[in-house]
1. For the range 146-165, name all the residues that are small (Gly, Ala, Ser) and over 15 Å from the mean Cα position of the chain (by Cα).
2. For the range 99-182, which fully contained strands (runs of 3 or more DSSP E) count at least 3 residues that are out of contact with any strand residue (DSSP E or B) (no Cβ under 9 Å at 6 or more places or on another chain) and either near ligand 1 (Cβ under 10 Å from one of its atoms) or charged (D, E, K, R) (or both)?
3. Which is buried (at least 21 other Cβ atoms within 10 Å of the Cβ) and either of a type in the set (S, T, N, Q) or without any contact (Cβ under 8 Å) to a residue 40 or more places away in the chain (or both), of THR364, THR357, THR313, THR338?
4. Can you name the condition, by its number, that GLU143 falls short on among (1) surrounded by fewer than 22 Cβ atoms within 10 Å (Cβ to Cβ); (2) within 14 Å of ligand 2 (Cβ to nearest atom)?
5. Which of the residues that make up the range 124-140 are buried (at least 16 other Cβ atoms within 10 Å of the Cβ) and closer than 25 Å to GLY156 by Cα?
6. Regarding the range 183-200, can at least one residue be identified that is open to solvent by less than 10 Å² (accessible area, probe 1.4 Å), over 15 Å from the mean Cα position of the chain (by Cα) and at negative phi?
7. In the list VAL356, VAL319, which residue meets the criterion of being farther than 30 Å from GLU120 by Cα and assigned to a helix (DSSP H, G or I)?
Amino acid sequence: MNNFNLHIPTQLYFGKDQHKELSRLIPANSKILLLYGGGSIKHNGIYEQVIGELSSFDVIEFGGIEANPQYTTLSKALEVIKLNEINFLLAVGGGSVIDGTKFLASAALYEGEHPWDILEKGLRTEIGLPFGTVLTLPATGSEMNSGAVISRKETGQKLAMGGPGLFPVFSIADPTVVASLPKRQLANGIVDAFTHVMEQYMTYPTSATLQDRISEGILSTLIEIAPEVMSTPENFELAANFMWCCNMALNGIIQKGVPTDWSIHAIGHEITAAYGIDHARTLAIVLPSMYRYKLEKKELKLAQYGRRVLGLTGDDRKVAEQAIDQTEDFFRSLGIGTKLSDYDVDNASAFPQSCVTSMEKQRTIILGEHKDIRSKDVKSILEAAI
Ligand code: NZQ
Ligand code: ZN
């Protein structure tokens with residue numbers, strides 16, 4: 001097992017009615033900017049719940065943060081923060097609102113001229129404006145990690161940022177929010193969380209037995225509950241298991257002491273930047289193709305996953321191949337297309353090359369747990385995913 005440091009400072013309040021803790025969790029006399037997305041919170045009762053707990057605070061609202069949060073929108077929120085001397089941010093939403101808030105937490109204290117540099121130059125955020133979150137969509141784990149991904153339409157970029165200053169101070173995770181989610185978002189959440197586990201697990205066998213078993217437990221649970229979560233999202237117990245899986249998939253625990261991959265996400269972000277396809281769906285496009293391409297290097301771990309999670313039997317190669325096929329079938333069973341051509345995209349055949357060119361413009365392509373996925377490999381992986 002590799003050496004590691006584990007520090008997750010976020011207080012997680014998980015369960016029914018945990019929003020009632022809000023007024024206690026936010027420091028007294030805070031001047032709050034409440035951030036939200038396209039308005040779902042105004043239709044499903046979450047806004048009323050939250051605002052009802054904030055009566056003793058000075059609160060300004062900023063809505064309209066879109067899925068795949070945009071730099072231009074966030075720049076407007078940054079002006080509001082500065083103009084009103086906001087000192088606490090409250091994100092009420094899914095990964096996009098929370099990530100947008102993380103960017104603002106960083107940008108509000110950034111002394112450089114162009115906050116986009118935080119992303120473009122990969123600057124780590126050591127200290128950010130304090131913020132809390134009220135999670136409305138289980139998927140990304142953003143409620144308990146220190147990463148964010150921000151998009152910029154004008155330049156076609158979708159870039160990641162992070163640092164120890166970007167953990168939420170607290171997060172409210174009430175599984176009852178799952179009841180109002182459209183099927184599309186339920187399926188996205190399941191596939192995103194599933195792929196988060198895979199990116200930290202599907203490398204090569206190590207001596208990290210517990211990390212493997214926790215990862216396999218999350219994968220098995222997601223497969224077990226997925227059909228019922230999709231058909232009865234109002235079932236609280238199912239929703240609670242779903243929400244906890246998503247959190248555990250990316251709260252940092254399963255990546256400790258083990259090699260990680262993250263190449264599927266790196267390529268997936270480019271697909272979203274080019275075509276606007278939902279984050280989770282880009283992962284479903286890349287994952288099967290990636291694992292088929294890396295079959296030799298990942299065979300032993302794929303076989304372990306196939307046997308332990310999917311109950312397959314046979315020799316390593318056969319189990320590994322079947323495991324990839326069954327994972328792809330699982331994504332498709334949720335209504336998620338696993339080929340680029342399943343989506344309404346222009347000029348898909350030119351995409352593998354244009355994607356590589358765009359990635360190379362930002363930095364040299366070196367991906368995967370062996371750092372052996374280079375430009376030509378990304379092109380081949382994408383060609384097989386059309
Ligand atoms: O904007 P509103 O109106 O709120 O609607 C949202 C949005 O349209 C809707 N929604 C959210 N909660 C709802 C709801 N609708 C009904 N009822 C509710 N309770 O769902 C839509 C999608 O929301 P979004 O926040 O975009 O989804 P998600 O949580 O999947 O976040 C995706 C973003 O997170 C990034 C992705 O790249 C993408 O930009 N990620 C962040 C990560 C992180 N910070 O750790 C890791 C991930 O790998 C990922 O990259
Ligand atoms: Zn993801």
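1. Across the range 146-165, the qualifying residues are GLY156, GLY163, GLY165.
2. none
3. THR338
4. If we test GLU143 against (1) surrounded by fewer than 22 Cβ atoms within 10 Å (Cβ to Cβ); (2) within 14 Å of ligand 2 (Cβ to nearest atom), just (1) comes out false.
5. THR125, ALA139, THR140 - these are the residues of the range 124-140 that are buried (at least 16 other Cβ atoms within 10 Å of the Cβ) and closer than 25 Å to GLY156 by Cα.
6. No - not one qualifying residue is present in the range 183-200.
7. Values: VAL356 fails: farther than 30 Å from GLU120 by Cα.
One residue alone meets the criteria, VAL319.
Residues checked against (1) assigned to a helix (DSSP H, G or I); (2) of a type outside the set (A, V, I, L, M, F, W, C); (3) surrounded by fewer than 19 Cβ atoms within 10 Å (Cβ to Cβ); (4) outside the structural domain of SER40 (by TED's automatic domain parsing):
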| residue | (1), (2), (3), (4) |
| --- | --- |
| SER207 | no, yes, yes, yes |
| GLU224 | yes, yes, yes, yes |
| MET230 | yes, no, yes, yes |
| CYS246 | yes, no, no, yes |
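The values are calculated or read from the model by the stated rules, or taken from the named source; none is laboratory data. Owing to the predicted nature of the structure, the values given are computational and were not obtained by experimental measurement. FYI the Cβ positions are ideal-geometry reconstructions off the backbone, even for glycines, and counts take in every protein chain you see. Side chains are part of the model used for accessible areas, which takes the heavy atoms of the whole protein and leaves out ligands, DNA and RNA. Shrake-Rupley method; radii C 1.70, N 1.55, O 1.52, S 1.80 Å.
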